[in-house]
Amino acid sequence: MTLQWHHGNRDKIHRFIVFWVVVAATLLIFLRGSEIAIADEAPNLALFGPPLPENFYPQQQPADPELVDLGRSLYFEKRLSKNQDISCNSCHQLDHYGVDNQPFSPGHKGQLGGRNSPSVYNAAAHVAQFWDGRAADVEAQAKGPILNPVEMAMPSEAQVLKVLNSMPEYVEAFATAFPKDKQSVTYDHLGQAIGAFERGLVTPAPFDRYFAGDQTALNAKQKRGLTLFVDAGCAQCHNGTYFGGNTYQKAGRVNPWPNQEDQGRYKVTGDEYDRMLFKVPSLRNVAKTGPYFHDGSVKSLKAAVVQMANTQLGKDLSNSEAGDIVAFLESLTGEPPTDYIQPPVLPVSTESTPAADPT
Ligand code: HEC
Ligand code: HEC
């Protein structure tokens, strides 16, 4: 009896709580909805924060300059490729916004990979590396291309270390950069050094001045484009400091993606949910990094914007709307750090340095 009474009371309390939770949730959804509606008039810049950092080192503590210098040398080092004709900079040209502007980049013997080269600028800040996020960070990523048969095509880590060990200047540079380690010339350290260099590849843009409060940093057309970018729904995926780089989303969320050959993240996880999911690319410097999309299939930025509106949002943009969004995206073109990216003088080869292998 007591128990029953107790139960009945509990049920009442339960229903009472459920009722008010539903009311509160409805209110919250309603309020959030009207917040977005207000944002339609003056775009909510908080969508694109926090402000761009000066570098991508943990806690923004610049890495040891000697480590960065070593990383820079390795970034430009063609002797890390089988035929000694390709470096990271061949496909990710630092004086071309970190890309080569080809649909697919030629690697060893001119072979083409199946994906468009993304920019290395600001990449260190992404949630993960590659179109499908299969490398956790720039340090891990850097160890891939050197051994990739269609990129730099080195046969083994051992061969890479043999090349580095053949040049006393590299041996010394590794020893200086990794003073605590007995074995300083290692493949992991190579990845760490290149990654450390990449963590300094930041491109502050006019948009960042606008974000900081300078109303003159964007012109009227660009401001219209920004409003449209938010209103149309682009910022559902292209948000945060990098206008992307932070989530995986389906290419073809509303209307099917034209090219289904590459299933994106599905290949990495084998999970049905991940079919056609790609890392949302950052839109920083996008006006300079065409051709567009993982398959490099679209040449002009305007055409890419129109395709996005259609496939991702089911919307048809007018020519002038697309033009305004493109103008806005141009405000994301930043300034590469000119001194930081100067190609260094590389160590000289010795008699024991392996010869180029064109096979
Ligand atoms: C032959 C051309 C080529 C070379 C050489 C090359 N890359 Fe790449 N890089 C690519 C391509 C293509 C992708 C995208 C591949 C994918 O997503 O599957 C990529 C992806 C990346 C990414 C991921 C960026 C992002 O937004 O996800 C980084 C970082 C990167 N490369 C750095 C390097 C470094 C460092 C080197 C030298 C050790 C290098 N690359 C050498 C073509 C190249
Ligand atoms: C549902 C998420 C989503 C929405 C909404 C979205 N995008 Fe994208 N965007 C992506 C993904 C994912 C890619 C990569 C597609 C691919 O290459 O497979 C991409 C790629 C792009 C690219 C090419 C970038 C490059 O480096 O190749 C541009 C430009 C772009 N989007 C602009 C926009 C604009 C403008 C809008 C609004 C009209 C928009 N996007 C809406 C997810 C989205």
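The values are calculated or read from the model by the stated rules, or taken from the named source; none is laboratory data. Because the structure is predicted, anything quoted here is derived from the model rather than measured. Virtual Cβ from ideal backbone geometry, glycine too; neighbours counted across all protein chains shown. Just so you know, the surface numbers come from the protein's heavy atoms only, side chains and all, with ligands and any DNA or RNA stripped out. Shrake-Rupley method; radii C 1.70, N 1.55, O 1.52, S 1.80 Å.
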## Note on the structure
Here segment 141-153 yields Karplus 3J(HN,Hα) values (6.51, -1.76, 1.60; θ = phi - 60°; whole Hz; Gly and Pro given as x) of 4, 4, 7, x, x, 4, 9, 6, x, 9, 10, 8, 6
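Among the DSSP beta bridges whose two residues both lie in the chain, what percent are antiparallel, rounded to the nearest 5?
Values: 7 of 8 bridges.
The antiparallel proportion sits near 90 percent.
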### Message
Going by amide H atoms built from the backbone, whose H comes under 5 Å of the H on residue 264, apart from near neighbours?
### Response
276
### Summary
At q = 0.12, 0.13 1/Å the base-10 log of I(q)/I(0) from the Debye formula over the alpha-carbon atoms of the chain is -0.93, -1.05
### Summary
Here the averaged projected area of segment 204-330, based on the convex hull of its alpha-carbon atoms and given in nm², is 7.7 nm²
### Query
So what is log10(I(q)/I(0)) for segment 56-151 at q = 0.13, 0.25 1/Å, when the Debye sum runs over its Cα atoms only?
-0.46, -1.62
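Expressed as a whole percentage, what fraction of the accessible surface of the chain belongs to carbon and sulfur atoms when a 1.4 Å probe is rolled over the protein heavy atoms? Please list the in-between numbers first.
On the way: 10660 of 18760 Å².
With neighbouring chains kept in place, the figure for the chain is 57 percent.
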### Task
Excluding residue 159 itself, calculate the net charge of residues whose Cβ lies under 13 Å from the Cβ of residue 159, where each Lys or Arg counts +1 and each Asp or Glu counts -1.
+1
### Task
Of the listed pairs 221/315; 143/180; 223/315; 162/267; 82/288, which have alpha-carbon separations greater than 24 Å here?
162/267; 82/288
#### Entry: Whole-angstrom gap from segment 268-283 to segment 157-191, using each part's C-alpha centre
35 Å
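Give, as a single signed number, the net charge of other residues whose beta carbon lies under 14 Å from the beta carbon of residue 309, with Lys and Arg counted +1 and Asp and Glu -1. If you can, show how the numbers build up before the last one.
On the way: positive: 253, 302, 315; negative: 231, 316, 321, 324.
Charge balance in the 14 Å sphere: -1.
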### Message
Could you order the peptides 224-233, 338-347 from most to least packed, using the average number of other C-beta atoms within 10 Å per residue?
### Response
224-233, 338-347
### Query
If you put +1 on each Lys and Arg Cβ and -1 on each Asp and Glu Cβ, how big is the dipole of the chain around its Cα centre, in Debye rounded to 20?
1080 debye
### Query
Among 262, 85, 214, which one moves the most in a GNM of the chain with springs linking Cα atoms closer than 10 Å?
214
### Query
Using a 1.4 Å probe, what is the accessible area per residue for the chain, in Å²?
52 Å²
## Note on the structure
In whole angstrom, the spacing between the Cα centers of segment 319-334 and segment 86-156 equals 27 Å
### Value of [θ]222 nm, deg cm²/dmol, for the chain, DSSP H segments ≥ 4, -39500 (n - 2.57) each, nearest 500
-11500 deg cm²/dmol
### Task
Taking H placed 1.01 Å from N in the peptide plane, check which residues at least 5 places from residue 76 or on another chain put their amide H under 5 Å from its amide H.
none
### Message
So for the chain, averaging the separation of alpha carbon pairs under 8 Å that are six or more residues apart and normalising by length, what relative contact order in percent results?
### Response
23 percent
### Message
Quick check on packing: order 235-246, 170-181, 321-332 by the mean number of other C-beta atoms within 10 Å, highest mean leading.
### Response
321-332, 235-246, 170-181
### Task
For a quick protection proxy, order the peptides 122-130, 71-79, 190-198, 263-271 by their average other-Cβ count within 10 Å, most packed first.
190-198, 71-79, 122-130, 263-271
